[in-house]
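Enquirer: For reference, the structure I am asking about is given below.
The values are calculated or read from the model by the stated rules, or taken from the named source; none is laboratory data. What you see is a predicted model, and the numbers here were worked out from it, not measured in a lab. Reconstructed Cβ throughout: ideal geometry from the backbone, glycine too, with neighbour counts over all protein chains shown.
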Amino acid sequence: MTVATLAVAGYGIATAAWQLMVACFLFNGLETAGTIVWATMKQRHVPASMLGRVSSLDWLISIGLLPLSFALTAPVAGLFGARATLIGAGLVGGAITLGALFIPGMRDIEGHPGDALARSTGASLVPTR
């Protein structure tokens with residue numbers, strides 16, 4: 001997802017149509033791959049009883065912030081120009097996405113599905129006999 005976000009800067013850097021095509025191909029391909037990985041991880045690592053809530057929150061944040069980006073893009077592009085806005089969006093967005101990997105527990109999905117949640121709540125998600 002970080003590399004896909006960085007690919008947005010390609011739109012601002014491009015000076016020819018073929019370069020825009022490459023940036024578009026990279027962004028869409030990487031974004032699609034990231035979405036597939038994210039959806040798979042969510043299905044495998046979120047307990048079934050919480051999957052609806054987690055998915056709802058995921059969509060709320062993803063789609064809910066979209067109007068804010070629309071509202072900010074025009075004034076920022078007016079101030080700095082379209083190229084600088086695209087390059088800045090790619091760089092800032094990529095840095096934020098990369099930085100998310102350093103949030104405690106973000107990469108802790110290696111164990112049994114739900115282990116990180118169980119550790120954080122003190123609950124056992126693995127049935128005992």
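Enquirer: Filter the range 24-38 down to residues that are under 18 Å from G12 (Cα atoms) and aromatic (F, W, Y), then give me how many there are.
Expert: Residues flagged as under 18 Å from G12 (Cα atoms) and aromatic (F, W, Y) within the range 24-38 amount to 2.
Enquirer: Out of contact with any Pro (no Cβ under 8 Å at 6 or more places or on another chain), in contact (Cβ under 8 Å) with a residue 24 or more places away in the chain, part of a helix (DSSP H, G or I) and of a type in the set (A, V, I, L, M, F, W, C): does that describe V37?
Expert: Taking the combined requirement at face value, the residue does not satisfy it.
Enquirer: Spot the failing condition for M50; the list is (1) part of a helix (DSSP H, G or I); (2) within 18 Å of M1 (Cβ to Cβ); (3) modelled with pLDDT of 90 or more, and only one is missed.
Expert: (2)
Enquirer: Checking L65 against (1) among the aliphatic types (A, V, I, L, M); (2) over 20 Å from G94 (Cβ atoms); (3) free of Cβ contacts under 8 Å to residues at least 24 places away in the same chain, which single condition isn't satisfied?
Expert: Tallying (1) among the aliphatic types (A, V, I, L, M); (2) over 20 Å from G94 (Cβ atoms); (3) free of Cβ contacts under 8 Å to residues at least 24 places away in the same chain, L65 fails exactly one: (2).
Enquirer: Evaluate the following for T73: is it loosely packed, with under 13 Cβ neighbours inside 10 Å and in a helix (DSSP H, G or I)?
Expert: On the way: loosely packed, with under 13 Cβ neighbours inside 10 Å: no; in a helix (DSSP H, G or I): yes.
For T73, the condition - loosely packed, with under 13 Cβ neighbours inside 10 Å and in a helix (DSSP H, G or I) - is not met.
Enquirer: Of everything in the range 34-49, what is loosely packed, with under 12 Cβ neighbours inside 10 Å and under 17 Å from I109 (Cα atoms)? Give them in sequence order.
Expert: I36, V37, T40, R44, A48
Enquirer: Regarding the range 100-120, can at least one residue be identified that is modelled with pLDDT of 90 or more, of a type in the set (F, W, Y) and in a helix (DSSP H, G or I)?
Expert: No, the range 100-120 contains no residue that is modelled with pLDDT of 90 or more, of a type in the set (F, W, Y) and in a helix (DSSP H, G or I).
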